[in-house]
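Each remark here refers to the structure printed beneath this line.
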Amino acid sequence: MGDDTNWTADPYELLRVHPGFRLSDQATDATPGFDGDKKAGARELSEGSSLLADLQEQLFACGRLGEPRSVLLVLQAMDTAGKGGIVSHVIGSMNPGGVHYAGFGKPTPEELAHDFLWRVWREVPAAGQVGVFDRSHYEDVLIGRVRKLATPEEIERRYGAIAAFENELAESGTAVVKVMLHLGKDEQKRRLASRLERPDKLWKFNPADVDERLLWDEYQEAYQIALERTNSLQAPWFVVPADHKWYARAAVQQLLIRAMQELHLEWPPPDYDIEEQKQRLAAS
């Protein structure tokens, strides 16, 4: 971060889940580390977009020449928390050729015939890519737990399987950034109500969202357990207050920028003689 910024502290440490973390203690309308309003947040997002795009291009170039590194952003949240806005306003600033997006919905019969991670392995980012999971393997220990879609023993097994999966990704060169967009219950109600008042948003409203809302406390407990059981140095969780969409977008952007900077990327050297190619080009 430069001097001309509204960020007063690195959101990486402020938003990272540490031992003893309690989801219920986190304010959903806070803006940790940011001293500014919506307008300032939009400016920060705009200014950070070029840096993020440059880092992605460097990552992509390295991947094309054999570097194994990649980045995976995992987005989890209750309905209306703003995952789509993160994809549009943060990921959207990057070259789509270097982004691999995957949204995990209800498993298909083919997917159900395999272990729950089978379909996830098929979507991990390749070398040089930024992968985005809009919902993810965590659905299998969130809705799976709340809706009792699997036995308690199977849910318990999945926590270990997820940790092993993410550790393997990290060891193979993938920087894993896991974000829970933490939305307040009242704010979710307001957003759902707004959808019902706008013809252009009715398509986004799903009556099932109200059914899930009735299980709010159960989902909060499921998130707390998932955060505790799968947080690690290799694949840390970040809980981002999401009542202010502008803050959540700016914060996630900063988390991605730091993750890519920590890869210590360098532009790959050419495998040809630069001066020779300049001469050939001049003579062509």
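The values are calculated or read from the model by the stated rules, or taken from the named source; none is laboratory data. As the structure is a prediction and not an experimental result, all values here were calculated from the model. Counting neighbours? That spans all protein chains shown, and the Cβs are built from the backbone with ideal geometry, glycine included. Areas reflect the complete protein model, heavy atoms only, side chains present, ligands, DNA and RNA absent. Shrake-Rupley method; radii C 1.70, N 1.55, O 1.52, S 1.80 Å.
Here are a few things to note about the model shown:
- Qualifying residue in the range 115-132 (condition: closer than 30 Å to Arg195 by Cα, of a type in the set (Gly, Ala, Ser) and open to solvent by 10 Å² or more (accessible area, probe 1.4 Å)): no
- Residues of the range 207-230 satisfying the condition of being more than 21 Å from Val17 (Cβ to Cβ) and under 23 Å from the mean Cα position of the chain (by Cα): Asp209, Glu212, Arg213
- Here Gly41, Gly105, Gly84 are screened, and the one residue that is assigned to a helix (DSSP H, G or I), among the small types (Gly, Ala, Ser) and in contact with a Lys or Arg (Cβ under 8 Å, 6 or more places away or on another chain) is Gly41.
- Here Ala61, Ala102, Ala77 are screened, and the one residue that is surrounded by fewer than 21 Cβ atoms within 10 Å (Cβ to Cβ), of a type in the set (A, V, I, L, M), within 20 Å of the chain's Cα centre (by Cα) and closer than 25 Å to Gln234 by Cα is Ala102.
- Counted residues, the range 13-57 - those being within 21 Å of Val71 (Cβ to Cβ), open to solvent by less than 30 Å² (accessible area, probe 1.4 Å) and among the hydroxyl-bearing types (Ser, Thr, Tyr): 1
- Every residue from the range 181-194 that is open to solvent by less than 80 Å² (accessible area, probe 1.4 Å) and either touching a strand residue (DSSP E or B) at 6+ places or on another chain (Cβ under 9 Å) or without any contact (Cβ under 8 Å) to a residue 12 or more places away in the chain (or both): Leu181, His182, Leu183, Gly184, Ala193, Ser194
- Test: Ala175 is among the aliphatic types (A, V, I, L, M) and surrounded by fewer than 16 Cβ atoms within 10 Å (Cβ to Cβ): no
- Leu112 meets all of the listed conditions (1) surrounded by 14 or more Cβ atoms within 10 Å (Cβ to Cβ); (2) among the aliphatic types (A, V, I, L, M); (3) closer than 30 Å to Phe205 by Cβ but one, namely (1).
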